[in-house]
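Below is one structure; the comments refer to it alone.
The values are calculated or read from the model by the stated rules, or taken from the named source; none is laboratory data. All values derive from a computational prediction rather than experimental measurement. Note that we place each Cβ from the backbone using ideal geometry, even for glycine, and neighbour counts take in every protein chain shown.
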Amino acid sequence: MRNFTFSNTTKIIFGKGAEEKVGREAAQYGRKVLLHYGGGHIVRSGLKERVEKYLKDAGLEIVELGGVQPNPRLSLVREGIELARREKVDLILAVGGGSVIDSAKAIGIGVPCQGDVWDFFMGKAEAQETLPVGVVLTIPAAGSESSTGSVITNEDGWLKRPYGSVIMRPKFALLNPELTYSLPPYQTACGVADMMAHIMERYFTNEPEVGFSDHLCEAALRSIIQEAPRAIAEPENYGARANLMWASTIAHNGLLGMGREEDWASHNIEHELSGIYDIAHGAGLAIVFPAWMKYVYKHNPSRFVQFAVRVFQVEQDFCNPERTILEGIRRLEEFFRSIGLPVRLKEAGIPADRFEEMAEKATADGPQGSLVPLYKGDVLAIYELCNS
Ligand code: NZQ
Ligand code: ZN
């Protein structure tokens, strides 16, 4: 196991009515709040009106910026930076999912910076400061409510790129599972694939002697596999929604990766799909992750056997480990299908005509992943597997 420092400073308030505490939490950071949200589900559900009331009751002034799209766009981030500077806001409050939170985080680091905020995402600059960000979460998926990262899409070239810094962890995140009752089944399923992928990016490592965090990862994966169908069949099942919501935060708050070398090739390969075709990130991962597994398992077969046996209860074939591994991957695909996700590009309506360009872009900064470093030709082969 590697040396590590674990410090997750996001204050999580979890449970029924959590969002009612937003005034008290936000007031600790100043007087003026930029209320940032997406395409309008929070308007339709009445959540926006309630949040505004809680903020006003705490004596706070509100400036608002809605319109964040899934796969959040750089142009709105720039608009938010200008607005926050002009209005001298003290805190950005993201009410929504990963896209809204990521947009808020990018605005947060953009406001105090002298240069172009996109430079952070292109690896040309490091953020030194940020406006504080708070969260009212409405979808368990990205884990952005306590992660260090933000993923933004630049419409100029449809480049989707992540950037992360410890200063970008939200100050507080309010998690009420009841706010997720309104999620459509498909969106719930996309969130499930994303949270599972966040765990698997950490699970598939070459690092020896990480048995404790292996077991944490496996328990989290098994819980998600158990709760997801319940949440989809009974959208107002509090227990299922609550377990998914907490699992998705833990999946990406850093804990499960401690002491391990993490991979992240599948995420970076997926970002080209959601960047270009604007599909949900989780749907892209349901396609890419199994394909990645098929391409790399020979480099560390025992880890893939362990996954099959412990996560999907595959009976181990001691004479033929490959059979065990492939059955584990098949069961993962079967699970994704069972909750309504695509597992091949054509099922998501994505044509096979831009693999070369996507592989080029995905490896433009160098090889991807750590279990096996993947070069352009490897990524191209993985896109082919996504199609076969
Ligand atoms: O736009 P609104 O009206 O808010 O509707 C959203 C959106 O259409 C809707 N929704 C959210 N909560 C709802 C709801 N609809 C009904 N009831 C609710 N309670 O769901 C749609 C998707 O929302 P979005 O925020 O895009 O989903 P998600 O949380 O999955 O975020 C995806 C983004 O996060 C990035 C992804 O790349 C993608 O851009 N990621 C961010 C990470 C991070 N910052 O740490 C890590 C992840 O790997 C991921 O890459
Ligand atoms: Zn993700």
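Taking the conditions exactly as written (in contact with a Ser or Thr (Cβ under 9 Å, 6 or more places away or on another chain), exposed (fewer than 15 other Cβ atoms within 10 Å of the Cβ) and of a type in the set (Ser, Thr, Tyr)), does Ser45 satisfy them or not?
For Ser45, the condition - in contact with a Ser or Thr (Cβ under 9 Å, 6 or more places away or on another chain), exposed (fewer than 15 other Cβ atoms within 10 Å of the Cβ) and of a type in the set (Ser, Thr, Tyr) - is met.
Can you name the residue in segment 157-175 that is out of contact with any strand residue (DSSP E or B) (no Cβ under 8 Å at 6 or more places or on another chain) and modelled with pLDDT of 95 or more and, of all such residues, is nearest to ligand 1 (Cβ to nearest atom)? Looking at residues that are out of contact with any strand residue (DSSP E or B) (no Cβ under 8 Å at 6 or more places or on another chain) and modelled with pLDDT of 95 or more, I get Arg169. Just to be sure before I move on: is Ser266 of a type in the set (Gly, Ala, Ser), in contact with a Pro (Cβ under 8 Å, 6 or more places away or on another chain) and under 30 Å from Val68 (Cα atoms) in the structure I sent? Against the criterion (of a type in the set (Gly, Ala, Ser), in contact with a Pro (Cβ under 8 Å, 6 or more places away or on another chain) and under 30 Å from Val68 (Cα atoms)), Ser266 does not qualify.
Taking first residues from segment 159-173 that are closer than 26 Å to Ala359 by Cα and partners that are in a strand (DSSP E or B) and away from ligand 1 (no atom under 12 Å from the Cβ), the Cβ contacts under 9 Å between residues at least 6 apart in sequence or on separate chains come to Lys160/Asn154; Arg161/Asn154.
Within segment 149-206, the set of residues being under 21 Å from Gly110 (Cα atoms), of a type outside the set (D, E, K, R) and part of a loop (DSSP other than H, G, I, E, B) comprises Gly157, Trp158, Ser165, Pro170.
Of these, Val305, Val288, which one is surrounded by 20 or more Cβ atoms within 10 Å (Cβ to Cβ), within 16 Å of ligand 1 (Cβ to nearest atom) and either assigned by TED's automatic domain parsing to the domain that holds Arg222 or without any contact (Cβ under 8 Å) to a residue 40 or more places away in the chain (or both)? The conditions single out Val288. Checked against the criterion of being touching a residue at least 12 places away in the same chain (Cβ under 8 Å) and not assigned by TED's automatic domain parsing to the domain that holds Phe204, the candidates Gly46, Gly80 yield just one match: Gly80. Of everything in segment 17-51 that is closer than 14 Å to Leu179 by Cα and among the basic types (Lys, Arg), the residue that is farthest from ligand 1 (Cβ to nearest atom) is Arg50. Only one entry of Gly191, Gly143, Gly157, Gly134 meets the criterion of being under 14 Å from the mean Cα position of the chain (by Cα) and assigned by TED's automatic domain parsing to the domain that holds Pro112, and that entry is Gly143. Scanning segment 141-156 for residues that are in contact with a Leu (Cβ under 7 Å, 6 or more places away or on another chain) and more than 10 Å from ligand 1 (Cβ to nearest atom) turns up Asn154, Glu155. Here the condition is being within 16 Å of ligand 2 (Cβ to nearest atom), buried (at least 20 other Cβ atoms within 10 Å of the Cβ) and hydrophobic (A, V, I, L, M, F, W, C); of Leu137, Leu131, it holds for Leu137 alone. Select from segment 347-359 the residues that are loosely packed, with under 13 Cβ neighbours inside 10 Å and part of a helix (DSSP H, G or I) and list them in ascending order. Those that are loosely packed, with under 13 Cβ neighbours inside 10 Å and part of a helix (DSSP H, G or I): Glu356, Glu357.
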